Amino acid sequence: MENTLQLVRNVVPSLTTKKHKGQDGRIGVVGGCREDSPDAVRDVEQWLPRLHALVVGPGLGRDDTLLENVKGILEASKARGVPVVIDAVSVAPALPPLHHGPCGRPSDLSPRLQDGLWLIAQQPALIQGYRRAVLTPNHVEFGRLSEAVLGAPLDGGDRHGAVLRLSQALGNVTVVQKGEQDVISDGEQVLVCSQEGSGRRCGGQGDLLSGSLGVLAHWALRAGPEKTGGPSPLLVAAFGACALTRQCSQQAFQKHGRATTTSDMVAEVGPAFHRLFEA
């Protein structure tokens, strides 16, 4: 694993006084809810020429209007070659509408209503063959996505093969299956991130993963294969984001124990990044 961490270190840009704001990357996030920002999703397309990567999904929900706009944004991103990280849009089949609370969030918080990869499960063609896309499903979301794309349930006894096959079926889109160990594949290679984390699972820590992955994806693609060695740039970026999230979890848990929240993890981003990639 240390060898792969070194590949991540290779793509991290140096900090110098000669750089200006945004020169190391401008990352867009499509998320939130319509009540907070009614025009934000539609406006993203105007910003695409200035963005180096796009993260889609955190807090997005399944509002029909938002999802229609997201489809357009994904198509526009592909046309411009913008790297896209797609966070949890639920991959379950269409469900009857439930009562929604503030920000359009379902009041029923059962696992079947996780926000995120829903759109891709319904319309895989949106990212089919787009090698600058990364999906970040957890175990449940991965199983549903596997059924939607491959027509077969998840083979729990062969996680490496399952992630590899899903990536291949999507045309070598990079897939990050989060779990006790994170399994990552671009349909050609498989990496496993076993960086020590903690037993505490905080709601929202997936947003930390997808956000950091957006940054690292830009850095890795800009650095190119000569800096990432054998693995593709997006494989290296995904490994780095998984390692960083786990390190943040470990450090936050050491301080807060069971009371750890994602905000505590965010507070560890700087120290964790330095420890993994700059020390």
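Quick note: the coordinates plus some simple rules give every number you see, no bench work behind them. Please read all numbers here as calculations on a predicted model, not as lab measurements. All Cβ positions, glycine included, derive from the backbone under ideal geometry; neighbour counts span all protein chains shown.
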Going by average Cβ neighbours within 10 Å, how do the peptides 163-174, 18-29 rank, with the highest at the top?
163-174, 18-29
By count of other Cβ within 10 Å, fewest leading, how are 1, 265 ordered?
1, 265
Ranked from highest to lowest mean number of other Cβ atoms within 10 Å per residue, what is the order of the peptides 219-230, 134-145?
134-145, 219-230
Going 7 Å from the Cα of residue 10 in the Cα-to-Cβ direction, what parts of the range 205-245 have a backbone nitrogen less than 15 Å from that spot?
219-240
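Under the Kirkwood approximation for Rh and a Cα-based Rg, what ratio Rg/Rh is obtained for the range 122-223?
Result: Rg/Rh = 0.95.
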Sum up the charges of everything whose Cβ sits under 10 Å from the Cβ of residue 84, counting Lys and Arg as +1 and Asp and Glu as -1, but leave residue 84 out.
+2
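Enter the mean projected area of the convex hull around the alpha-carbon atoms of the range 191-279, in nm², rounded to one decimal.
5.6 nm²
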Packing-wise, with mean Cβ within 10 Å as the measure, how do 254-260, 148-154, 127-133, 78-84 rank, highest first?
127-133, 78-84, 148-154, 254-260
